[in-house]
Each structure stands twice: as C-alpha cells, then as structure tokens.
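The values are calculated or read from the model by the stated rules, or taken from the named source; none is laboratory data. Owing to the predicted nature of the structure, the values given are computational and were not obtained by experimental measurement. Cβ placement follows ideal geometry from the backbone for every residue including glycine, while neighbour counts extend to all protein chains displayed. Remember, those area values only see protein heavy atoms, side chains included, never the ligands or the DNA or RNA. Shrake-Rupley method; radii C 1.70, N 1.55, O 1.52, S 1.80 Å.
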Amino acid sequence: MKPKFYLTTPIYYVNAAPHIGHAYTTIAADAIRRFKRMQGYHAVLTTGTDEHGQKVERAAKAAGKTPQEFTDLISAEFRRQWETLGLAVDRFKRTSDPSHHKVVQELFLRCQKNGYIEKGSYTGQYCVFDELYVSDAGPGDPCPDCGRPTETVTEENYFFRLSAFRDRLLELYEKNPDFIRPETRRNEVLAFVERGLSDLSISRTTIQWGIPVPAEGHHVFYVWFDALTTYMSAVEGEGLWPADLHLIGKEILRFHAVYWPAFLMAADLPLPKQIFAHGWLLFEQDKMSKSKGNIVRATPIQQVAGADALRYFLLREIVFGQDGNFSYDALVNRYNSDLANGLGNLASRTLTMVRQYRGGVLPASAGNAEIAALAGRVIESTIAAYENFEFSKALETLWGLLGAADKYIVEQSPWALAAKTDDASRQKLDETLYTAAEVLRIACALVYPVIPSSASQIWKQLGMNGELEDYSWKDLRWGQLPAGQKIGEISAVFPRLDPNKVIPKMRALEEQETARQAALLGKTPPKPEPGAGQAAEKISIDDFAKVDLRVGLVLSAERVKGADKLLHMQVDLGEGTPRSIVAGIAEAYTPEQMIGRKVVIVANLQPRKLRGLLSDGMILAATPEGGQPVLVTLAADVPSGTRLR
C-alpha cells in the first residue's frame, strides 16, 4: 500500500474571480502532487472555494444576485480555471456544501465540550476586507494588516479561548521547526505568539450568509473557523487527515499557523504536518491590486504561450518562498532561452539526427561515461531540491545537464561522424546519439512535475511506452533507454515566441478577460490608479496650505503589542510636550533605528487611537506597492518644529 501525501491550497475566497496569484499557488501544489506520485506516494490535492462572510454578501448584492447564485458562478470560474490550465485537482470542496457544514459544526461542539468556547459580546472595530477583528482601535481607524478603514460592530458572539494556547503553540513550533516554512515566516509567527494572544470571536450575528452555529439564537460561523475546516471536510472519511502540507500565500499565514492548530488542539484532533507560505507575485515590480488595475490572469498567457510556459516561468524564475516578479517580457525571454533554445532544441536536434543517421531507431551504446556520471548526480540533486520545494534550484540543476549534453554534441560533431564509414566513427556516432537521447529521457522524467504536457510529448517522440505520470523516480538511472526502440513522430514542442507579436496579443486577451470577469461580477473593468509618473487629481494652493507639515525628532520608540506593523513613538515638534504618534513602519524600521531620527510629521490631523494608543500626527513615508515604507528625510539638520512650505 502506498504511503499517503495529502496537500492543500488555500480555499480561495469568491469575492473576486481567479487571477495569476491563485494560479501560482495551485500550479506549485500541482507540481508537488506530481513529484510525490513519482516518488511512490498516494498524493491527493485539495482546493476549493470559501463562500461565506460579509464580503461575499456585499459582492453578491453589488452584482444583483443572491449569495448562492453569486458563489455558484465564481466557484465554477475557479473550477474552469484549473481545468483550462490542466491542473490535477483531486478534491474541490465548496464551503456552501452541506457536508462541509456538518464538519464545521462538529469541530465547534468538540471545542465547546473541552471548555474552549464561551459566549460573550463584542463592540469594536472589524475589517471586512481581512475578515479580522481589530482590538484597541476606534471608529474608522485603519486595519493594521491592510490599512483599510475598519467598521464598528456590536454583537453577541461565541469566543474561542485562543489566549489559552500561547504556550502550546510555542512548544509546537519549538519541537517541530519545519512546521512553518520558510524560516522567515516561522520567525514572524513566533514573534506574534510570544507577545500573547487574545481570545477570538468565531461567530457573527449581523450577517445572514454563513453556516449556522449549533446554539440558541442566530449565529453564523466566523469565516476563518469555517474555511480552515474545509481541509478536513474535503477528505472526510478517507483516512487522509492530517494534511502533510498546507500551501498558502504569506498574507494568510497567521490564520493557518496560529488559529488553525489552536482550533485542532482544542478539539483533540491531529495537526497538519507542515505549512509553507510563499511570497507575493508582483507585476513589473509592483504589487498586483484591483485598485491599480494591474492584476494579470493566467488564461490569456495559456492561450498564447501554453500552460507549460507559465508553469515553467513561475517555478523557475521565482525562488519559492520569496516575493517574485512577473512581466510579459521576462516570461517570453525565459521561454525562448530555456524551453525553445534549451530543452526544445535538444529534443529536436537529437531526434532529427536519430531519424536521419539511424533510420529512426535508437542505437545500442552505453553512452558517454562522463555525461552518465553527471546525470547520476543531477538526478539525485534535482529530486532533493524538489523535496525541499526548491523548484528554481531543481530546474537550474537539470538545465546544467542539458547544457552539458549540448556541449557534448557540438564537440563530437555527429554530422561529421555520419559522413565516415569506419567502425570507430560509427561507434562514436552511436555513443553520441544514445547519450543525447538518454539525457533527453532523464530530463523528461525530472521536468514532468513542472511541464507535464510538454515532457509527455517529448517522451512519446522518444518512443517510450507508458505514461510519464506513472513513471517512478526510484527506477530512474542512466542506461534505461532501450536500444532498437523506434522513435515517434517528431514535432516542435517549443516554437520560438516573437515578443513583438505575442506580448501585444497577451495584453489584448488580458483586456478581454478582465472585461469578461467584470461583467460576470456585475462590475465595470477597473481603471488603473495613478502610479509612478502619473499625476493624481490636482488641488489648489489653498488646500495644500491647510496641511501643517513639521520636522519632528523621535525621542522614544517601541513596538505595539499584537501589531506587527506598528511603532509607538514620542516625537518632539518643538511644542514643549512631545506628541504620541503611532505609525505602520515596524516592518521597515526598528525602534532603535528611529530614536534620534528627524522625521516629517503631518501635525494638524485629528488625533485618533490605534490599538488603544493615541496617535496625534502622521509620519510621512513613501511606500511602493509590495514594498516597505521609506521615511521622508531632510538634506540638512533643521530644528524640531520647523514647518515645511
């Protein structure tokens, strides 16, 4: 019986249609599923759609649909997207499925029975965008995670005693250092939990669209208690839980690495074995956002360059776990250099020479000893990189073997050997052709998880029997190419792309797909926000004069408990008494870096409270989308309180 490997993507929220960010995570999960199967595992991949909550209610209303009609529509979009991209999804679970409701309610009852759920009331701020309760914030204060204005809610809730799990979670992270990967994300979670945890509301009474809580009164489950449980409900009764891997984007790490294991601990249920949080996908070095109108969809790229081109680019170009950049230029350049000129060229020239010089029959030979030894090392290193989710390293290592094979072919000059009739030349030609073909076979087996369709095509052209998806890596070694095997029909797998033709075509199709999705959602296509080099709406000099900009000296600074992005500072503006100012710069500047620094302050903003702390002013900083804030500085030292004019 095969060992199981159960992995999941996020359960994607249906307030928007699928885009390349969703595709990135799911493509990576699909690649993991494929290589795990080639390692002999019964690998099962779950994805699905998260369909409840206030955002969905509002999005459905805006589209002129009921929540059920709206979620049916968008969930089907996600299904079609994965089918179009050829992704091997084994389980697709919707949170609106009644069988899922049962599992969520059972989890609640287990937690309640064990004393970790209490009834209470909540009056405070709530971020609809992040589905997040914000402690110590006042009406209209921004969410500490996304910066959007919060809304004031007053309602009766059921609370999960998250505060009781601080020590157990820290023990989990310590005993299982690979529970959260990569290490940078693990350190972020450690710091968050070490500061202490607050109890979490897990029900809402002010919305209708959700799973009913099995208790008196009208309560529906908080979206994260609902959505996270999908990982279990998707495989209920199959013996696949716990998950071996939750693959997510870094922006939802806290929910998966803190809330989810705490829920499971409270219910005495097994924990997932690992959570891997990858970075953001930027568009031309800028974070993708609906407001900027720069979100890219996967299907226009698939229509022009093929799904494998997108798969290869995302997994080769980006170090998995870090932020990465997407651009059409980079996609085409990577495709032409690695696929068309690399793997595609090696396949074409090798198979053409076998047909031309040996009548389409693979010759008998042991191959070149040096290339054979290199291939053995590459097989081992590539599989090890895959196991560590180092896709870029795996592909770079494999392409080193392809490069060595290309160099070997040039050095041996088979076209010259074919013109000779002596036995030594014929044997050398056989060795050259076999070596190139065997490298090609090994490359197909190793690259299949990343470019399954293309690898399978080359596999068939080599004349190999059986499907690549059924091939076992434990059998992969040099010298398995059958002598005397007839090759198949030769065709170009990676025709070169002309950037002057395909990039405009992809952009045009992107506009069409954007309009189609907007119509689906009952919206008009977004217009880009002013960005670098673009002017915002102009204001009068009188309007500008109302803004009181002053130089301030930071006297003290400290991190705000429970808020990763906030620093609390005392700033001297030359007024006698320092100002208390809270700023979202903690990810870019430490308290030590701020003390003694001159900054520019908007001094006449209405004071407000953030996390219970008075903020009487705002520090000016430039924050590129997807980047860290950079403080506005002065070219010369000027006294505190000096006005900027």
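Of the residues Gln606, Gln628, Gln593, the single one that is out of contact with any helix residue (DSSP H, G or I) (no Cβ under 9 Å at 6 or more places or on another chain), farther than 26 Å from Ser198 by Cα, in contact (Cβ under 8 Å) with a residue 24 or more places away in the chain and not acidic (Asp, Glu) is Gln628. Whenever a residue of segment 423-452 is without any contact (Cβ under 8 Å) to a residue 24 or more places away in the chain, its partners that are of a type outside the set (Ser, Thr, Tyr), lying with C-beta atoms within less than 7 angstrom and at least six residues away or across chains, give the pairs Ser425/Leu417; Lys428/Gln412; Lys428/Leu417. Condition first: farther than 19 Å from Glu251 by Cα, crowded, with 22+ Cβ neighbours inside 10 Å, of a type in the set (Asp, Glu) and touching a strand residue (DSSP E or B) at 6+ places or on another chain (Cβ under 9 Å). Can you find one or more residues in segment 27-35 that meet it? Among the residues of segment 27-35, at least one is farther than 19 Å from Glu251 by Cα, crowded, with 22+ Cβ neighbours inside 10 Å, of a type in the set (Asp, Glu) and touching a strand residue (DSSP E or B) at 6+ places or on another chain (Cβ under 9 Å), which makes the answer yes.
For Val44, are the conditions met, namely being out of contact with any strand residue (DSSP E or B) (no Cβ under 6 Å at 6 or more places or on another chain), crowded, with 17+ Cβ neighbours inside 10 Å and either of a type in the set (A, V, I, L, M) or closer than 26 Å to Gly321 by Cβ (or both)?
Numbers: out of contact with any strand residue (DSSP E or B) (no Cβ under 6 Å at 6 or more places or on another chain): no; crowded, with 17+ Cβ neighbours inside 10 Å: yes; either of a type in the set (A, V, I, L, M) or closer than 26 Å to Gly321 by Cβ (or both): yes.
Taking the combined requirement at face value, the residue does not satisfy it.
Restricting attention to segment 65-86, the residues being over 17 Å from Val223 (Cβ atoms), polar (S, T, N, Q) and in contact (Cβ under 8 Å) with a residue 12 or more places away in the chain number 2. Here segment 606-629 is the region considered, the condition is being at pLDDT below 75 and surrounded by fewer than 17 Cβ atoms within 10 Å (Cβ to Cβ), and the residue that is nearest to Asp548 (Cα to Cα) is Thr623.
Filter segment 105-133 for residues that are in a strand (DSSP E or B), in contact (Cβ under 8 Å) with a residue 40 or more places away in the chain and either touching a Leu at 6+ places or on another chain (Cβ under 6 Å) or under 21 Å from Ile252 (Cβ atoms) (or both) and give the result. Matches in segment 105-133: Tyr133 only. Taken over segment 36-70, the residue count meeting the criterion of being out of contact with any Leu (no Cβ under 9 Å at 6 or more places or on another chain) and closer than 30 Å to Ile379 by Cα is 4.
For (1) loosely packed, with under 15 Cβ neighbours inside 10 Å; (2) under 16 Å from Thr642 (Cβ atoms), each residue gets a yes or a no:
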site: Ile541; (1), (2): yes, no
site: Lys546; (1), (2): yes, no
site: Arg550; (1), (2): no, yes
site: Val560; (1), (2): no, no
site: Asp572; (1), (2): no, yes
site: Thr577; (1), (2): yes, no
site: Ser580; (1), (2): no, no
site: Gly584; (1), (2): no, no
site: Tyr589; (1), (2): no, no
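If we keep just the residues of segment 363-382 that are of a type outside the set (Gly, Ala, Ser) and surrounded by 17 or more Cβ atoms within 10 Å (Cβ to Cβ), which is farthest from Leu429 (Cα to Cα)? Selected residue: Thr382.
Could you tell me whether Tyr386 is closer than 30 Å to Arg507 by Cβ, out of contact with any Ser or Thr (no Cβ under 9 Å at 6 or more places or on another chain) and buried (at least 19 other Cβ atoms within 10 Å of the Cβ)?
Values: closer than 30 Å to Arg507 by Cβ: no; out of contact with any Ser or Thr (no Cβ under 9 Å at 6 or more places or on another chain): yes; buried (at least 19 other Cβ atoms within 10 Å of the Cβ): yes.
So Tyr386 fails the test.
Go over the candidates Ala23, Ala62 one by one and state the one that is farther than 25 Å from Ile318 by Cα and either touching a residue at least 60 places away in the same chain (Cβ under 8 Å) or among the hydrophobic types (A, V, I, L, M, F, W, C) (or both). Can you show your working first?
On the way: Ala23 fails: farther than 25 Å from Ile318 by Cα.
Just a single option satisfies the conditions, and that option is Ala62.
Which one of these is over 24 Å from Gly196 (Cβ atoms), in a loop (DSSP other than H, G, I, E, B) and at pLDDT 90 or above: Val600, Val547?
Numbers: Val600 fails: in a loop (DSSP other than H, G, I, E, B).
Result of the check over Val600, Val547: Val547.
Among the residues of segment 484-500, some residue qualifies, meaning at least one is open to solvent by less than 30 Å² (accessible area, probe 1.4 Å), under 14 Å from Leu331 (Cα atoms) and either aliphatic (A, V, I, L, M) or out of contact with any Lys or Arg (no Cβ under 9 Å at 6 or more places or on another chain) (or both). Looking at Arg94, Arg79, just one residue is of a type in the set (Lys, Arg), in contact with a strand residue (DSSP E or B) (Cβ under 7 Å, 6 or more places away or on another chain) and crowded, with 18+ Cβ neighbours inside 10 Å, and that residue is Arg94.
Of the helices (runs of 4 or more DSSP H) entirely within segment 160-263, those holding at least 1 residues that are at pLDDT below 95, within 25 Å of Tyr122 (Cα to Cα) and open to solvent by less than 10 Å² (accessible area, probe 1.4 Å) occupy 223-228.
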